[in-house]
Amino acid sequence: MARLKDKYLALKPELQSALGIANVMQVPALEKVIISVGCGFAMKDNKLIQSIQDTISNIAGQRASVVVARKSVAGFKVREGMPVGVKVTLRGAQMYDFMDKLINISLPRVKDFRGIPRNGFDGRGNYNFGLTEQLIFPEVDYDSIMQIHGMNITVVTSATADKDAFKLLEMIGMPFAKGRE
């Protein structure tokens, strides 16, 4: 199911000429995708943390890990070692499979979807965006979830500039919102 990787390899020469890059090794590529959920609302509920971890693992196709607090913060009632999030990092074939599923299946399932925002670039060629619920993924069973939660998805590319990363993501099919660039 590495259709996205095949699409990228077919578009690589076109991307190289569009960006005006002389060396084929400098053409931007996807490096990794990080899916994370901040679940500070569930710090004291181990069953909810486990449910979120299982949901993210099903979505990613790889076991997600629980992130624990490194130090205590009295203002947030957080103690060192408490679970505060869940994350998974995808590389290689699993990354391409996830991105293919996200672009072609999950994002079109979002109600009133007009594209993902263009302003999620960080200045170094990486793109961040958030989803408000996990129900858009086909692996999630509505009856088995305990609570609806969102997630943050970070797409790390080898591009050094935002315009190069934008062109890469646009060419592989990322549905950006229409408007100013």
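Can you name every residue in region 37-90 that is open to solvent by less than 60 Å² (accessible area, probe 1.4 Å), out of contact with any Gly (no Cβ under 7 Å at 6 or more places or on another chain) and farther than 21 Å from Y142 by Cα? Result: G40, M43, S65, V66, V73, V78, G81, M82, P83, V88, T89, L90.
In region 11-24, the residues that are open to solvent by 70 Å² or more (accessible area, probe 1.4 Å) form Cβ pairs under 9 Å with partners that are of a type in the set (V, I, T), at six or more places apart or across chains, as follows: P13/V24; P13/V27. Among residues of region 132-181 being in a loop (DSSP other than H, G, I, E, B) and of a type in the set (S, T, N, Q), the one that is least open to solvent (accessible area, probe 1.4 Å) is S158. Would you check if there is a residue in region 121-131 being over 23 Å from P28 (Cα atoms) and either in contact with a helix residue (DSSP H, G or I) (Cβ under 9 Å, 6 or more places away or on another chain) or open to solvent by less than 10 Å² (accessible area, probe 1.4 Å) (or both)? Yes: one or more hits. Please indicate, with yes or no, whether at least one residue in region 25-37 is under 29 Å from I148 (Cα atoms), over 17 Å from the mean Cα position of the chain (by Cα) and either modelled with pLDDT of 90 or more or among the polar types (S, T, N, Q) (or both). No - not one qualifying residue is present in region 25-37.
Output yes when any residue across region 54-67 is part of a helix (DSSP H, G or I), among the β-branched types (V, I, T) and out of contact with any Asp or Glu (no Cβ under 7 Å at 6 or more places or on another chain), and no when none is. Yes, the conditions are met somewhere in region 54-67. If I filter region 9-27 for residues that are basic (K, R), within 28 Å of P138 (Cα to Cα) and either in a helix (DSSP H, G or I) or in contact with a Lys or Arg (Cβ under 8 Å, 6 or more places away or on another chain) (or both), do I get at least one hit? Scanning region 9-27 turns up no residue that is basic (K, R), within 28 Å of P138 (Cα to Cα) and either in a helix (DSSP H, G or I) or in contact with a Lys or Arg (Cβ under 8 Å, 6 or more places away or on another chain) (or both).
In region 98-118, the residues that are of a type in the set (D, E, K, R) and open to solvent by 70 Å² or more (accessible area, probe 1.4 Å) reach residues that are at pLDDT below 90 and outside any loop (DSSP other than H, G, I, E, B) with C-beta atoms within less than 7 angstrom, at least six apart or across chains, in these pairs: R109/I136.
The values are calculated or read from the model by the stated rules, or taken from the named source; none is laboratory data. Values in this document were obtained by computation on a predicted structure and should not be read as measured data. Quick reminder, even Gly has a Cβ in these numbers, built from the backbone with ideal geometry, and neighbours come from all protein chains shown. These accessible areas exclude ligands, DNA and RNA; they are computed on the full protein's heavy atoms, side chains included. Shrake-Rupley method; radii C 1.70, N 1.55, O 1.52, S 1.80 Å.
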